[in-house]
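Data first, discussion second: the structure below is written as structure tokens.
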Amino acid sequence: MVPLSHYLALSVILFVLGVAGFIFRRNIITIFMCIELMLNAVNLAFIAFSRFWGNLDGQLSAFFVIVVAAAEAAVGLAIIIALYRNRQSLNIEDFDSMKW
Amino acid sequence: MGISSEAGFILLATFIKTAVVLLVLLTTIAYLTWLERKVVAHIQARWGPYLVGPHGLLQPLADGVKFLFKEDIVPLEADRIVYWLAPFLAFSLAFLSIAVIPFGEGFTLGGHRFEFQIADLNVGILFVFAVTSLGVYGISLAGWSSNSKYSLFGGLRSSAQMISYELALGLAVVGTLMISGTLSLRQIVEGQSGFWHLSGINTYLPHWNIFVQPVGFLIYFTAAVAETNRVPFDLPEGETELVGGFHTEYSSMKFAMFFMAEYANMITVSCLATILFFGGWHGPVFGPALLRALLPVFWFCLKVFCFLFFYIWMRGTLPRFRYDQLMAFGWKFLLPLGLLNILATSLVVAWLNA
Amino acid sequence: MEILFYICAALAVLAALNVIVQRTPVYSALSLIVVLCALAVVYLLLGAEFMAVIQVIVYAGAIMVLFIFVIMLLNAGREIPSQRSRLAQWLGAPLVLALLAEVLVAIWRQFPDTGGPAVAAFDAGPEAIGHLLFRNYVLPFEVTSVLILVAILGAVVLARKES
């Protein structure tokens, strides 16, 4: 049987890859996709715990995370479209007018 | 420690079932093209293919050979990887949903149970929806990767249409799921056996879901026609509007794969319609054991064939919707109607169970 | 059966690496879809069949379609490399690896058992989830529907053209 630590290790690796992409990438849509990657890593952790502790609440938490991620993706992409209309660029280094 | 003989038997049976189903499906798709050309031709008072073989029955073979020998043209600026991936994706996803369709009653042979279904999932219908949602990618990626105006517009319009009608499709089915109480396709069909009894008297009406969910069936079938991009919802592929839509820049085998994917989707949707609303494999069963095992499969195929004929009949008869009419119909009419259907069904089910 | 988990895990990690490495957003999106489907298989292996199918229908089949639409509409081409500080890039990679190592060690210390689940497999089908969802979690469910309504309104308003 696969031990819990292996599932959690996969979750952590995916999460850290998401963090790395979030920090290093310049394209705003790719950054957004790395956020979704992080959310998925968290979902995996929830469902793994749900199985190993025999509690169905973990799966429901993952369910709500998916639903909230959907709402967030919709609004976030709408914001990105509005940003693109104003700056004609998808590079976050071009959105620095409020930086000191 | 090896695999037990029971597991080995199941594995072997699954391989054989998959091979048979794939073979039958591919032949059905080939002859569906022949049937479509013949039926549409006769509706339009002409003959259709009649030269290649008797009544043009070898026409699909000739078409296959033609597709194999055609030159495979790839546009210059097309994105190679995605251009290759899109028809492959569309094709394989179209064939994937057949895996959960039950074709008939199982039978027992030598102590082993043999079901006419490749995989009996207890979330069977959600699996079909999942594969349908993934099917949108084939079309939108095809439209984008061809690097051509017509393809991009056709691809975007077609994907927007598919995801809009996916909602209506899902809602239409919820009423049936409430009545059957299960998501497994086999159990939904098994719940439709026998006849309707009205206060104890046997009306010899089959216990099919169509009689309690007529609105659900109409919504489902309309949404299914829109999902499969068929007339009257085939604007994204209309020749007069968008040249070829998302498959404009595709040629030979890749184009044939899109074609086959469309027909496979039609077959899947018709199979689902018979399973959900028309009692699946239920029909008069008589005779010796072998006949009893095969007759349900025959009834199932007959019902699916009726739906496919109806699809082709619509193609020969109806004009196509304009795109804004199509989207307005899906969002402003079918979606509220589906929600009302769910409301009414849940009220009746709750009242009857109280 | 365990080999399937390791295959899917390797696939998910490779695809996630591809998401953060690819310069073209469409390839990143396609790799993210592969990650989502690999995770759906892992959920199936964990006995969460309903969540696996919901993951494919909602995440891979709806949210990622939205991403791909936006990428195609905005015609996001290849990304140009950063013109800012080089120091940040040279410092960033080792720090990320340090983060990874730190959390992995913490997990290994906390959950050292190498056995399987202590609890037997339980029914995680749609009926069980439905019971839980509409009894214990009915308030979060209703709040989530309001949240989705707000998100729809927000997205429509934000993405509308100035007329």
Open item on the list: Checking the conditions here, which among A:ALA74, A:ALA70, A:ALA45, A:ALA20 is more than 9 Å from every other protein chain (Cβ to nearest Cβ), within 19 Å of C:LEU36 (Cβ to Cβ) and not acidic (Asp, Glu)?
Closed with: A:ALA45
- [ ] Just need a number here: residues in region C:117-145 that are under 23 Å from the mean Cα position of the chain (by Cα), part of a helix (DSSP H, G or I) and either facing chain A (nearest Cβ under 10 Å) or farther than 30 Å from C:GLU2 by Cα (or both).
- [x] 7
- [ ] Please indicate, with yes or no, whether at least one residue in region B:33-42 is more than 23 Å from B:GLU115 (Cα to Cα), out of contact with any helix residue (DSSP H, G or I) (no Cβ under 8 Å at 6 or more places or on another chain) and in a loop (DSSP other than H, G, I, E, B).
- [x] no
Open item on the list: Out of the residues in region B:31-61 meeting the condition of being out of contact with any Gly (no Cβ under 9 Å at 6 or more places or on another chain) and among the β-branched types (Val, Ile, Thr), tell me which one is nearest to B:MET260 (Cα to Cα).
Closed with: B:THR33
- [ ] Please enumerate the residues belonging to region C:17-35 that are surrounded by fewer than 23 Cβ atoms within 10 Å (Cβ to Cβ) and small (Gly, Ala, Ser).
- [x] C:SER31
TODO: Determine, yes or no, whether A:PHE63 is aromatic (Phe, Trp, Tyr), out of contact with any Ser or Thr (no Cβ under 6 Å at 6 or more places or on another chain), free of Cβ contacts under 8 Å to residues at least 40 places away in the same chain and crowded, with 20+ Cβ neighbours inside 10 Å.
DONE: yes
- [ ] Among what's in region A:23-37 and is more than 7 Å from chain C (Cβ to nearest Cβ) and either more than 20 Å from C:ILE33 (Cβ to Cβ) or in contact with a Leu (Cβ under 9 Å, 6 or more places away or on another chain) (or both), pick the residue that is surrounded by the fewest Cβ atoms within 10 Å (Cβ to Cβ).
- [x] A:PHE32
TODO: Can you confirm whether region A:47-60 contains a residue that is of a type in the set (Gly, Ala, Ser), modelled with pLDDT of 95 or more and closer than 24 Å to C:LEU99 by Cα?
DONE: no
- [ ] Quick one: which helices (runs of 4 or more DSSP H) lie wholly within region C:1-105 and hold at least 1 residues that are small (Gly, Ala, Ser) and within 7 Å of another protein chain (Cβ to nearest Cβ)?
- [x] C:2-21, C:25-45
- [ ] Would you check if A:ASN40 is at the interface with chain C (Cβ under 7 Å from one of its Cβ atoms) and either in contact with an Asp or Glu (Cβ under 8 Å, 6 or more places away or on another chain) or aliphatic (A, V, I, L, M) (or both)?
- [x] no
- [ ] Please work out which one of (1) in a helix (DSSP H, G or I); (2) more than 24 Å from C:CYS8 (Cβ to Cβ) is the condition A:MET98 fails and give its number.
- [x] (1)
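The values are calculated or read from the model by the stated rules, or taken from the named source; none is laboratory data. Please read these numbers as outputs of a predicted model, since none were measured by experiment. When we count neighbours, we look across all protein chains shown, and the Cβ atoms used for this are built from the backbone with ideal geometry, even at glycine.
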